[in-house]
Amino acid sequence: MAGIIQYLILTPRCTVTTPFPRRKTCALFSRFSLKINPGRSISALIRCCKRSDETHGSGLANGLNWTKPLRNFAADNFLPLALIGGVAFGLANPTLGCLADKYYLSKISPFSIFIISGLTLRSDAIGAAAKAWPVGLFGLCSILVFTPYFSRLILQIQLRPQEFVTGLAIFNCMPTTLSSGVALTQLAGGNTALALAMTVISNMLGILIIPFSISKFIADGVGVSVPTAQLLKSLVLTLLVPLILGKVLRESSRGLADFVDHNRKLFSKISAVFLSLVPWMQVSRSRSLLLMVKPAAFIVAIGMGTLLHLILLAFNAVALRSLSAVSGGSKSIFAEKENALAALLVASQKTLPVMVAVVEQLGGAFGQSGLLVLPCVAAHLIQIVLDSFLVNFWLREDRSSNTAKVA
């Protein structure tokens, strides 16, 4: 036994090849020959297996790459997809929507939306907008005082069902969007602090002003009496109280504020889900009436929503240009590009969450809530899409001008 062990230790390393021809069917063993060297051959085997696993893993990743554009599109357009999904699901199966409405989910959803709005509301940027206060004051007047006058023009349009027209008129009395205007202003390089200040103040004041705007501009035209005091009380409880509650929670806990700021996209998606629940329930309740609506009437309503947004853009653009001309020309604070972009985008948009909350509180005074809300969902999506194209156009113009200056 000792002689055998000595022979194994002292004998030089030799290579022994197999008498059989090497098979080419297995790529795993094609990289090395069979040697009486356990340590070396095993390490080569491990390296070869590792490369095989890496190749398999990369192949699996490449196989999933085709889903990445779809996931990115869904993430970038979560709110429109959620709204469209809610409307489609309400039309396809109204039973669940009616059941959710029976258990007051239609009341909980707006409350939750505005708690989240309060949690995500930053107050430090509001002070930074003080320098451009004349532009902000114009934006607030345009949102809450001037543009609601267009509701009377909308009511002159004859369309069946009439709720489509009335819904767009109510939508026109709303304050600005809660997030889209600020996001687009930031993307366009505008005064984000000013946009945020106009958004916050207009939505808080709007809750107090909306009942009077609806009573003056819409109820008289439709011939319906609106209980202004009751509507004001309902809006304060449904919108203002949760907004303040969310803001108090944010200011009382630094850790909560940091968590919200680091997860703003998540909270935005949660808010979008709550928002999509409202048209889902309203469309579910009104499904039988919606199916009776002719497609041509809905297309006309979409065209009206598009035209309304273009009119608001034109009105605010002309007003800003006029104020700039009478207050110093190119040196005017209204002529500063950052301020003008913020005012134009924010003052030309109208918010959907407040509108659906108002319709919910009206209790059918102006018709079926689903018919009132449906064209406004389309108008809300249209204004975001149109303004996105407008911002992209401005960005391309800026890049072209910068390239020309460098050349």
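The values are calculated or read from the model by the stated rules, or taken from the named source; none is laboratory data. These figures come from a predicted structure and were not determined experimentally. For neighbour counting, all protein chains shown are included, and Cβ atoms are generated from backbone atoms with ideal geometry for every residue, glycine included. Note: areas computed on protein heavy atoms with side chains; ligands, DNA, RNA excluded. Shrake-Rupley method; radii C 1.70, N 1.55, O 1.52, S 1.80 Å.
Below, the figures for the structure above:
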{"item": "The range 105-116 - phi-based ³J(HN,Hα) in whole Hz, Karplus 6.51/-1.76/1.60, Gly and Pro as x", "result": "5, 5, 8, 6, 4, x, 4, 5, 4, 7, 5, 5"}
{"item": "Largest to smallest accessible area among 258, 220 [probe 1.4 Å]", "result": "220, 258"}
{"item": "Distant-in-sequence amide H partners of residue 286 (H built 1.01 Å from N, under 5 Å)", "result": "370"}
{"item": "Three-way shape call for the range 70-205 based on the alpha-carbon gyration tensor, with the a/c threshold at 1.5", "result": "oblate"}
{"item": "Shape of the range 204-351, Cα gyration tensor, a/c cut at 1.5", "result": "oblate"}
{"item": "Listed residue pairs exceeding 31 Å between alpha carbons, taken from 233/269; 68/102; 216/331; 131/265; 265/337; 265/294", "result": "68/102; 216/331; 265/294"}
{"item": "Sites matching chymotrypsin sites (Phe, Trp or Tyr not before Pro) across the range 79-175 that sit in DSSP coil, with at most 12 neighbouring C-beta atoms within 10 Å", "result": "103, 104"}
{"item": "Residue 399 versus residue 321: modelled label distance in nm, points set 7 Å from Cα along the beta carbon direction", "result": "2.7 nm"}
{"item": "Under the Karplus curve 6.51 cos²θ - 1.76 cosθ + 1.60, θ = phi - 60°, whole-Hz ³J(HN,Hα) for the range 389-400, x wherever Gly or Pro sits", "result": "4, 5, 5, 4, 5, 4, 5, 5, 4, 5, 5, 5"}
